[in-house]
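The structure appears right after this line, and notes come after that.
The values are calculated or read from the model by the stated rules, or taken from the named source; none is laboratory data. Just so we're clear, the structure is a prediction, and the values are computed from it rather than from any experiment. Cβ placement follows ideal geometry from the backbone for every residue including glycine, while neighbour counts extend to all protein chains displayed.
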Amino acid sequence: MARQDALYILTANDLLEGDVVFWSGAGWARDHRAAQIARNADETTALDAIGAAEKAARRIIDPYRVEVTLGADGTPVPVRFRERLRTLGPTVRLDLGKQAALRANSLL
Amino acid sequence: MYRYDEFDHQFVQDRVSQFRTQVERHLGGQLTEEEFRPLRLMNGLYLQLHAYMLRVAIPYGTLSARQMRTLADIAETYDRGYGHFTTRQNIQYNWLRLRDVPDILQELADVEMHAIQTSGNCIRNITADPFSGVAADEVEDPRPTAELLRQWSSLHPEFSFLPRKFKIAVTGCRDDRAAIAVHDIGIRVVRNEAGEIGYEVWVGGGQGRTPMIAKKIRAFLPKKALLAYLEAMMRVYNLYGRRDNKYKARIKILVHEVGIEEYARRVEEEFAALDASAIAADAEEIVRIEAYFEPPAYDRLPARAAALENAKKNDPAFANWVSINVGAHKAPGYAIATVSLKPIGGVPGDATTDQMRLLADIAERFSLDELRVTIEQNIVLPQVRQDDLYAVWKLLAAVDLATANAGLITDIISCPGLDYCSLATARSIPVAQAISRRFADAERQRLIGPLAIKISGCINACGHHHVGHIGILGLEKGGEESYQITLGGDPTENAAIGERLGPGLTADQTVDTIERLVAVYLAKRKPGETFVAAYRRLGHDHFKEALNAAA
Amino acid sequence: MPLLDRTGAITDPWVRLDETAPLAARQVIVPLTRLEPDGAAVLTSGAKLGVAVGGDTGFELLRPWLDRLSLIAINFPSFTDGRGFSLARQLRVRGFKGELRAHGYLIADQLGFALATGFDTVEIDDSLAARQPVAEWLAAAKTISLSYQRDYAGPCNILEARRAARAQQNTRVAQTEPAK
């Protein structure tokens, strides 16, 4: 089987709130599992264009693409440790960041 | 300590309004993201890994109780109930919203504080010896000089768009607790043979990717020439500092590339063209600033307090804390107490809202309303009566602030690392925590003696690893965190850059290796010899066996 | 391209010449490369002479011309490149009395700094002026009403204000003290 292209999602931070956000296809989501996944070159180019346009519209800051793999449930999991941390929060304060809510709901 | 007059108040007020307007203009599209970015950085506002981070200046590390309470209030109202004290006498909040920042700046302005130039390519917060004004061995309190420089550098029209950031530190002592040798400009207050007070000026020190020890450019600069001379130094840097490569843009590279003699020649030529008296603050202004730093009216006390000696006899844990965290004060019967922000297994430099408030209360009741922040990320109570120390210690112990480890192996400097920082390549805090737990035993720490471990989570070296007796640099190698150990660094008057021990290690290997390094030291030291002294005597190679065992 | 000074938009009496344009105007700004070959001719013709330089232009190149130049235009390749501020200050410290003009890319928030370091005028390009109109530049320059640096041309100098306040206080004390 031919090697599949890398998968990407688009991330940024909310301009006013600062929160880590992910492009869902219709808007910005706080949860990376809701992120739209680019599976080929066209979709990847489209994601980049959305990032640039959303930045120019001053809704978000610092957009960039994150390489992901698919978890058992089909949701995206960032490849780089740094990006996994952005979906969770500091490893030294498990009570803070996105992981806090996940923990409270026994999802982590 | 210094108090704002009507002009200082108006200035920070203007600055708050300016930032509020800049945020609005960015949202309105008049300022693009590229234009807004340096403006927000010049007000200490970063975008970090999870959120916005605001860095607030604590000029020359001096704080009043009221100011500390405001820092606590901000942590509670706008952040997550804690703040992080840094190696450059700042405090950082990690979870802010841009929309709140103008209001936070207003709260700071109300208590004579600001975030001006805590980031950006400009002159950063002026730092100083945290023991200023109370150290027994001081030529002169460096804080009036630091305050003069704080004002002079604030929104400097010529030096706000430098090639790169610019850090200035001031000390009044031979014992250097301000790390002037690793600053862009280091200033030491000295007395010349004629008995006059002036400045020894150093330039071109720094850490980061290319660590360098500063070179002396002037052995004695008359006090009234300071501002003109700094203007000349800054101008030569601004004009000739490299702008083609961010990693070569600091003044240390300029001084290194053209040589200290050539740099000094250009500075002296520029200085000669200036009318120093037109630039200097007038004598009355200097007197005005100095008056705020007059020593307080100390009680007349015996040199040693009987109450302290009794308490030490009856409470060994307290006696241990006194022997490690309490230093000599210039006034009889007083002491300088270091409050460690390094509880065993804790996050170095973090303080909760409750801890900050308690420190404010203690400062008010027991330390003449004064607190200091150190470059080791600790807090100092600089004006404590010896007979109050026991009461202070008990209050501190109630909120986990009485760890007896100042200067010991668990008093670790650590940058926020990849847990918070968008530039980091590896985590720092978990490594600090693991080392701290490994060496938790108080008796063992005391036996090892002074040993400074400093950890940075990337090559920018915010955790000062280059000048750690043991330095640790976190990198990313093949997608994994990897740590490099350096030995023999020193930020003091004996400044040295640490030497690399060997290839990268995992976090676990790093902790094991440090334990073996300590074992080598303990086995080979002479009586009373510190780790860094033994390292200098024995040489680097003697410690390599500790690494080999890890492989 | 709009030109402004500390009072607002002004008309530009100067003609900017490129490398080859003929020297036919009353007030001409020549590129630095034309200063040596053409500067004297401009002055002989009775016209006023200006020169356009970069922030990286060494002051020494301009020194021989200082009292013959009526204008020096300093280019800012980017608003984050502050060399032009230092060159301007250097020229003022060395006694240049003519017009200092900033051009290239500065933003409204830097007008105060430009004026303080010795600039008289700022030329902004049309696309930036569309985003940051002249009124915004003037407003931005007024946000900070005080400055700490003596010997710069910034707004109300705090050290001088303190000195004045002290002098006034001393006068009051002297007046209220009974004559001896």
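Points worth noting:
- Subset of the stretch B:168-200 (residues that are within 18 Å of B:Arg265 (Cα to Cα) and more than 19 Å from the chain's Cα centre (by Cα)): B:Glu200
- C:Ala153 being in a helix (DSSP H, G or I) and more than 7 Å from chain B (Cβ to nearest Cβ): no
- Helices (runs of 4 or more DSSP H) within the stretch B:419-531 that include 1 or more residues in contact with a strand residue (DSSP E or B) (Cβ under 7 Å, 6 or more places away or on another chain) and buried (at least 16 other Cβ atoms within 10 Å of the Cβ): B:429-438, B:507-524
- Condition met for B:Glu376 (surrounded by fewer than 22 Cβ atoms within 10 Å (Cβ to Cβ) and not in a strand (DSSP E or B)): no
- For the stretch C:126-133, the condition holds for no residue, the condition being that it is among the charged types (D, E, K, R), crowded, with 23+ Cβ neighbours inside 10 Å and more than 11 Å from chain B (Cβ to nearest Cβ).
- Being part of a loop (DSSP other than H, G, I, E, B), away from chain C (no Cβ under 14 Å) and aromatic (Phe, Trp, Tyr) holds for only one residue in B:Phe293, B:Phe220, and it is B:Phe293.
Yes or no, residue by residue, for (1) assigned to a helix (DSSP H, G or I); (2) within 23 Å of B:Cys415 (Cα to Cα); (3) touching an Asp or Glu at 6+ places or on another chain (Cβ under 8 Å):
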{"residue": "B:Pro38", "(1), (2), (3)": "yes, yes, no"}
{"residue": "B:Asn43", "(1), (2), (3)": "no, yes, no"}
{"residue": "B:Val56", "(1), (2), (3)": "no, yes, no"}
{"residue": "B:Asp73", "(1), (2), (3)": "yes, no, yes"}
{"residue": "B:Thr87", "(1), (2), (3)": "no, yes, yes"}
{"residue": "B:Gln92", "(1), (2), (3)": "no, yes, no"}
{"residue": "B:Gln106", "(1), (2), (3)": "yes, no, no"}
{"residue": "B:Ala109", "(1), (2), (3)": "yes, no, no"}
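- Comparison of B:Leu389, B:Leu368 shows that the only residue that is of a type in the set (A, V, I, L, M, F, W, C) and farther than 30 Å from B:Lys167 by Cα is B:Leu389.
- Residue in the stretch A:39-60 that is of a type outside the set (Phe, Trp, Tyr), under 14 Å from the mean Cα position of the chain (by Cα), crowded, with 16+ Cβ neighbours inside 10 Å and within 11 Å of chain B (Cβ to nearest Cβ) present: yes
- Residues of the stretch C:4-45 satisfying the condition of being of a type in the set (D, E, K, R) and surrounded by 14 or more Cβ atoms within 10 Å (Cβ to Cβ): C:Asp5, C:Arg6, C:Asp12, C:Arg16, C:Arg34, C:Asp38
- Breaking point among (1) within 28 Å of B:Tyr240 (Cβ to Cβ); (2) modelled with pLDDT under 95; (3) of a type in the set (Val, Ile, Thr), for C:Thr176: (1)
- Conditions (1) in contact with a helix residue (DSSP H, G or I) (Cβ under 7 Å, 6 or more places away or on another chain); (2) within 14 Å of chain A (Cβ to nearest Cβ): number failed by B:Ala51: (1)
- Figure legend. Inter-residue proximity from the stretch A:6-32: first residues touching a residue at least 24 places away in the same chain (Cβ under 8 Å) and farther than 21 Å from B:Val101 by Cβ, second residues part of a strand (DSSP E or B) and of a type in the set (S, T, N, Q), beta-carbon distance below 7 Å, spacing 6+ or different chains. Indicated pairs: A:Leu7/A:Thr69.
- Within the stretch C:40-55, being modelled with pLDDT of 95 or more and in contact with a helix residue (DSSP H, G or I) (Cβ under 7 Å, 6 or more places away or on another chain) holds for C:Leu49, C:Val51, C:Ala52, C:Val53.
- When restricted to residues that are within 22 Å of B:Ile379 (Cα to Cα) and in contact (Cβ under 8 Å) with a residue 60 or more places away in the chain, the stretch B:91-107 contains 3.
- Qualifying residue in the stretch C:87-103 (condition: under 29 Å from B:Arg266 (Cβ atoms), in contact with a helix residue (DSSP H, G or I) (Cβ under 6 Å, 6 or more places away or on another chain) and aromatic (Phe, Trp, Tyr)): no
- Flag for C:Phe76 being modelled with pLDDT under 95, in contact with a helix residue (DSSP H, G or I) (Cβ under 6 Å, 6 or more places away or on another chain) and in the same structural domain as C:Phe119 (by TED's automatic domain parsing): no
- Residue, nearest to C:Phe76 (Cα to Cα), within the stretch B:232-243, restricted to residues that are within 11 Å of chain C (Cβ to nearest Cβ) and assigned to a loop (DSSP other than H, G, I, E, B): B:Arg243
- From the options B:Ala57, B:Ala115, residue that is more than 10 Å from every other protein chain (Cβ to nearest Cβ), under 28 Å from A:Ala57 (Cβ atoms), touching a strand residue (DSSP E or B) at 6+ places or on another chain (Cβ under 8 Å) and touching a residue at least 12 places away in the same chain (Cβ under 8 Å): B:Ala115
- Count of the stretch B:7-33 residues which are without any contact (Cβ under 8 Å) to a residue 12 or more places away in the chain and facing chain C (nearest Cβ under 9 Å): 11
- Any chance C:Thr57 is polar (S, T, N, Q), within 13 Å of another protein chain (Cβ to nearest Cβ), over 28 Å from B:Glu33 (Cα atoms) and out of contact with any Pro (no Cβ under 9 Å at 6 or more places or on another chain): yes
Okay, residues lined up against (1) more than 10 Å from chain B (Cβ to nearest Cβ); (2) assigned to a loop (DSSP other than H, G, I, E, B); (3) without any contact (Cβ under 8 Å) to a residue 24 or more places away in the chain:
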| site | (1), (2), (3) |
| --- | --- |
| C:Thr20 | yes, yes, yes |
| C:Ala41 | yes, no, yes |
| C:Gly50 | yes, no, no |
| C:Leu61 | yes, no, no |
| C:Ala102 | yes, no, no |
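- Verdict on B:Arg266 being more than 28 Å from C:Asn75 (Cα to Cα), within 14 Å of chain C (Cβ to nearest Cβ), surrounded by fewer than 22 Cβ atoms within 10 Å (Cβ to Cβ) and free of Cβ contacts under 8 Å to residues at least 40 places away in the same chain: no
- Scan of the stretch B:379-391 for residues that are among the hydrophobic types (A, V, I, L, M, F, W, C) and crowded, with 23+ Cβ neighbours inside 10 Å, ordered by number: B:Ile379, B:Val380, B:Leu381, B:Val384, B:Leu389
- Any hit, the stretch B:251-274, residues being modelled with pLDDT of 95 or more and under 30 Å from B:Tyr4 (Cα atoms): yes
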